[in-house]
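The values are calculated or read from the model by the stated rules, or taken from the named source; none is laboratory data. Just so it is clear, the model here is predicted, and its values are computed rather than measured. When we count neighbours, we look across all protein chains shown, and the Cβ atoms used for this are built from the backbone with ideal geometry, even at glycine.
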Amino acid sequence: MKLTVVGGGSTYTPELIDGIAGRRTSLAVDEIVLVDPDEHRLSVIGEFSQRLLDHAGHPARVRTTTDLESGAEGAAAVLLQLRVGGQAARRSDETFPLECGCVGQETTGAGGLAKALRTVPVVLDIAERVRKVTGPDTWIVNFTNPVGIVTRALVQSGFRAVGLCNVAIGFQRYVGKLLGAAPEQVRLGHVGLNHLTWERQVLVDGVDVLPRLLSEFGEDVAAHIGLPAELMRRLGVVPSYYLKYFYSHDEVVATQRTEPPRAEVVSLVEKELMGVYADPAVVTKPEALSQRGGAYYSEAAVQLVHALTGGEQGEEHVVNVQNNGTLPFLPDDAVIEVPSIVDSNGAVPLPVAPVEPAFAGLISHVTGYEYLALEAALHGGRDRVANALLAHPLIGQWSIAEKLADQLVAENADLLPWA
Ligand code: G6P
Ligand code: MN
Ligand code: MN
């Protein structure tokens, strides 16, 4: 089978290739095409990817191209992992909201909105061009952030798309290591929206170990997600580490004001990674890659592609999928992140027990914001941007939303089709 990776010049690509190389029997890939506008990155990442496969004894061939259509033609699945505007745009997302006392983050708050506005038009154009050459049945696996909003845009435009994030698989692996269990033994009662989720159950061989995690391992888990153990115990759940931007918003802002933005750190890691990738003697995934946030992203991707392309038998994966009544307090067309049964017909959410008000309220609030964010991304206009900001639970005030809207548009003028 042929796999196409759009944004294949990303420094994350070797992570994905490593995952494919390690799963030769479960995923029969014989061609991987990396598509990217950056020819230099393509050549370095492409050659390194081939060395990784060769070294693992995997027969797949890697091809690189700047031409989306020829890259996607005949693909069984197309993976989207792009970043419009690169680390420079990310740096802006992470810094301009701070002036208003708001969190600077690339997937939530005003920065997340900026990223959505830049990204949705580009991703929809790519999906349209891909569909022309692959036909309508090819699966799109979307890792492009903000995954919830981008996936919603794809699905409501009629594309066959599933959204994926590594938060759930990362927590599954973490628990496995902590308790000495294999990842397959661990199932999560994971609920919410992308980057806004809570684990309400952690089943190891069918037994809920969440109470034990909170009592015996509270401090360890707390350090892992960056929130106090007492908060988790009170809520009786494990929030994802993205919830620190909500539950510890002002503290995060205070810290962010004293530290270099993540974009700067990542740029340095990327520089180092590109140097390592370019060395013909290097044939395995370098240690520096583990400094990126995308750990286990490759496992999740490989498992999901396997389920979507081959599996007659459904497999359970945590994915971003249309709600369709799963969370009855949300519109059907909202995109949620929950365990789902995935096979070649797509992903169907498993039933979810009634969500407690403490979580349902925030989920509803952010879903309202995501709807307005998508309106702004699809139709443009400064006031639509301000409306989305006003609806975001981390912003919510008129004067701040007005100021952030103007700043966001000014910062991104070159990357917004309507500005
Ligand atoms: C996690 C998130 C991804 C995000 C990444 C950022 O993996 O799930 O959605 O892109 O972190 O990692 P970085 O190394 O770029 O900060
Ligand atoms: Mn073309
Ligand atoms: Mn993610």
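Is one or more of the residues making up the stretch 304-318 under 30 Å from Gln50 (Cβ atoms), touching a His at 6+ places or on another chain (Cβ under 7 Å), in a helix (DSSP H, G or I) and touching a residue at least 60 places away in the same chain (Cβ under 8 Å)? Yes - at least one qualifying residue is present in the stretch 304-318.
The requirement of being within 16 Å of ligand 3 (Cβ to nearest atom), more than 19 Å from Asp125 (Cα to Cα) and touching a helix residue (DSSP H, G or I) at 6+ places or on another chain (Cβ under 6 Å) is satisfied by Leu16. Please enumerate the residues belonging to the stretch 121-139 that are surrounded by fewer than 21 Cβ atoms within 10 Å (Cβ to Cβ), aliphatic (A, V, I, L, M) and within 16 Å of ligand 2 (Cβ to nearest atom). Selection gives Val122, Val133.
As for the stretch 136-148, it holds no residue that is of a type in the set (Asp, Glu) and in a helix (DSSP H, G or I).
Pull up the stretch 175-227, narrow it to residues that are within 22 Å of Ser340 (Cβ to Cβ) and charged (D, E, K, R), then point me to the one that is surrounded by the fewest Cβ atoms within 10 Å (Cβ to Cβ). Ranking the candidates gives Glu184 first.
The criterion of at least 1 residues that are crowded, with 21+ Cβ neighbours inside 10 Å and touching a strand residue (DSSP E or B) at 6+ places or on another chain (Cβ under 6 Å) is met by the following helices (runs of 4 or more DSSP H) wholly inside the stretch 355-419: 357-379. For Asp333, the requirement of being among the acidic types (Asp, Glu), within 23 Å of Phe143 (Cβ to Cβ) and within 20 Å of the chain's Cα centre (by Cα) is met.
Of the residues making up the stretch 68-114, those that are more than 26 Å from Gly381 (Cα to Cα), part of a loop (DSSP other than H, G, I, E, B) and of a type in the set (D, E, K, R) number 1. Of all residues in the stretch 86-140, those being within 16 Å of ligand 3 (Cβ to nearest atom) and on the phi > 0 side of the Ramachandran plot number 1. Any residue that is more than 18 Å from Val191 (Cα to Cα), surrounded by 15 or more Cβ atoms within 10 Å (Cβ to Cβ) and within 16 Å of ligand 1 (Cβ to nearest atom) - is there at least one of those in the stretch 228-243? No, because not a single residue in the stretch 228-243 is more than 18 Å from Val191 (Cα to Cα), surrounded by 15 or more Cβ atoms within 10 Å (Cβ to Cβ) and within 16 Å of ligand 1 (Cβ to nearest atom).
Listed here are the residues, each with its yes/no results for (1) surrounded by fewer than 17 Cβ atoms within 10 Å (Cβ to Cβ); (2) within 16 Å of ligand 1 (Cβ to nearest atom).
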{"site": "Ala60", "(1), (2)": "no, no"}
{"site": "Thr65", "(1), (2)": "no, no"}
{"site": "Gln81", "(1), (2)": "no, yes"}
{"site": "Asp93", "(1), (2)": "no, yes"}
{"site": "Gly101", "(1), (2)": "yes, no"}
{"site": "Glu106", "(1), (2)": "no, yes"}
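In this structure, is Arg234 more than 16 Å from ligand 2 (Cβ to nearest atom), more than 30 Å from Ser10 (Cα to Cα) and not small (Gly, Ala, Ser)?
So Arg234 passes the test.
Annotation note: of Thr309, Thr284, the sole residue that is away from ligand 3 (no atom under 16 Å from the Cβ), surrounded by fewer than 16 Cβ atoms within 10 Å (Cβ to Cβ) and of a type in the set (Val, Ile, Thr) is Thr284. How many residues are buried (at least 18 other Cβ atoms within 10 Å of the Cβ) and not in a helix (DSSP H, G or I) if we restrict to the stretch 24-55? Of the residues in the stretch 24-55, 7 are buried (at least 18 other Cβ atoms within 10 Å of the Cβ) and not in a helix (DSSP H, G or I). Can you tell me how many residues within the stretch 239-277 are in contact (Cβ under 8 Å) with a residue 60 or more places away in the chain and in a loop (DSSP other than H, G, I, E, B)? Here the count works out to 3.
Could you check, for the stretch 278-289, whether at least one of its residues is in a helix (DSSP H, G or I), modelled with pLDDT under 95 and of a type in the set (A, V, I, L, M, F, W, C)? Yes - at least one qualifying residue is present in the stretch 278-289. Here Val162 does not qualify as more than 16 Å from ligand 1 (Cβ to nearest atom), modelled with pLDDT of 95 or more and in contact with a helix residue (DSSP H, G or I) (Cβ under 8 Å, 6 or more places away or on another chain). The single condition among (1) free of Cβ contacts under 8 Å to residues at least 60 places away in the same chain; (2) more than 16 Å from ligand 2 (Cβ to nearest atom); (3) not aliphatic (A, V, I, L, M) that Asp54 does not meet is (1).
Specify which of the listed residues (Val318, Val269) is within 16 Å of ligand 1 (Cβ to nearest atom), touching a Pro at 6+ places or on another chain (Cβ under 9 Å) and either within 27 Å of Leu164 (Cβ to Cβ) or among the polar types (S, T, N, Q) (or both).
Val318
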